[in-house]
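Asks: This is the structure I have questions about; it appears just below.
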Amino acid sequence: MRSHSGMVSLNNTPDASARPRTALLSGSLPASRFLLSVLLLTLIAVTLDQFFSPILYSSSPLWATATWVLLVWRRGETSFPPGNDQLHFSFSTQRVTAFFAAHLLIVFAARWFTEALQPLAGSVSLGGTLLAGMKLCVLAPTLALLPRVQWRRILSLYTAEAIAGLVVLITFFPRRTLESLWPWYGQVLARFVYFLADLMVPGIGYIRSLTPTLTGPDLDVTIILDCSGINGFELFDLLFGLVVILDWNRLCKRRTFLSYFAGLFAMFLGNALRITSFVVLGNHGFAESITRVHIAAGWIFFSVVFLVYLCLTYGWMLNKKSASAEPQTVA
C-alpha cells in the first residue's frame with residue numbers, strides 16, 4: 001500500500017516516468033481485493049455498531065455482508081469487459097472519514113433513542129417492523145466509501161454477488177417475517193393441510209383462530225407458530241447457502257437464484273405434508289406415537305426434504321461449461 005496526495009491505494013503501480021499514463025490503468029485491476037476491503041470494513045463497522053448500541057442488533061446485515069465477502073473471495077479476480085475504461089480503485093481519506101463519522105452518528109442516535117425504541121424491539125407490530133427496517137441503516141455509510149461511478153463499475157463486475165447479498169439480506173432466517181405474517185400465513189397453511197387431510201380422514205373439522213385446529217376422531221392437531229416451518233426454512237437457508245458458496249464458480253447464477261426461491265416453496269410444501277401426516281396417522285391409530293415424536297422428527301424430515309430437492313436441482317444449477325473446466329485461481 002502507498003500513500004499519495006491524501007489517497008490510500010490498493011494498487012502497486014509503477015512510476016509514471018517508466019510507463020505512459022494509459023498503461024497504468026490497463027489490464028486486470030485488483031477489483032476483488034478492493035471490494036473485499038470495503039466489505040470487511042463494513043462488516044467490522046456494523047459489528048461495532050451493534051456492540052456499542054444493542055438496540056441495532058440484527059443478524060441480516062451481518063449475514064448479507066459476510067455472504068458478499070465469501071462470494072467475492074470465491075469469484076476471485078476479474079476484469080472489465082473489453083472496450084471499457086479501467087478505473088483506479090482507491091480509498092479517499094475524506095470518504096473514509098465520512099464513513100466512520102456516519103457510523104458514530106448512527107450509534108449515538110440509537111443510544112439516545114434506546115429507551116423510546118426498546119418497547120418496540122421484537123414486537124409483532126407496525127412499530128416493531130419499522131424498527132427492524134431501520135436497523136438496516138448501518139449499511140448506508142458504505143455508500144460513502146466510493147463515488148457513484150465507481151460503485152457502478154464495481155456492481156457491473158460483481159452483479160451476481162451483489163444480488164446474492166441482497167437476497168440474503170431480505171430472505172435469510174425469516175423468523176420475524178413469518179411472525180408478522182402468521183395471522184394470514186397460518187390460515188393458508190392450515191387450509192392447505194385441511195384440504196390434503198380431508199381426502200384421507202373422514203369427518204375432519206377445521207376451527208379457525210390465530211392457531212388453527214384440525215379436529216379428528218382420535219387426534220386434534222393445533223397449528224401454532226412453531227409449526228410454521230420456520231426451522232425448515234432456516235435449515236434450507238444454511239445448507240443451500242453452503243452449497244452455493246462452495247460451488248459458486250461452477251453454478252449458473254440465474255438458475256441458482258430460481259432454485260433458491262423454488263426451494264423455499266418446496267420447504268413450504270414439505271412442511272404442509274409433514275403436518276398432514278400427523279393428522280392422518282394420528283387419526284388412524286398412531287396418536288400416541290405422533291404426540292411423542294413430532295417435534296424431534298422435524299429436523300430429520302426437513303433434512304431429507306432438502307437432500308431430495310438438491311438431488312433434483314443440483315445438476316440443473318451447474319454451468320456445464322465451467323463444471324468441466326479447472327477451478328478459477330483466487331487472487
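Asks: What is the extension gain from Leu264 to Tyr206, computed as 0.36 nm multiplied by their sequence separation minus the C-alpha to C-alpha distance, in nm to one decimal?
Replies: Taking Leu264 through Tyr206 to full extension adds about 18.3 nm, to one decimal.
Asks: Now a separate question. Please list, in order along region 136-152, the HN-Hα scalar couplings obtained from phi with the Karplus expression 6.51 cos²θ - 1.76 cosθ + 1.60 (θ = phi - 60°), rounded to whole Hz, x for Gly and Pro.
Replies: 6, 5, 5, 8, 4, x, 4, 4, 6, 6, 9, x, 4, 5, 6, 4, 5
Asks: Let me check I've understood the local charge: for Ala160, count other residues with C-beta under 10 angstrom from its C-beta, Lys and Arg +1, Asp and Glu -1. What total comes out?
Replies: +2
All of the numbers you see were taken from the coordinates with simple rules; none came from a lab. Since we're looking at a predicted model, the values are computed, not measured. Glycine gets a Cβ as well: all are built from the backbone with ideal geometry, and neighbour counts include every protein chain shown.
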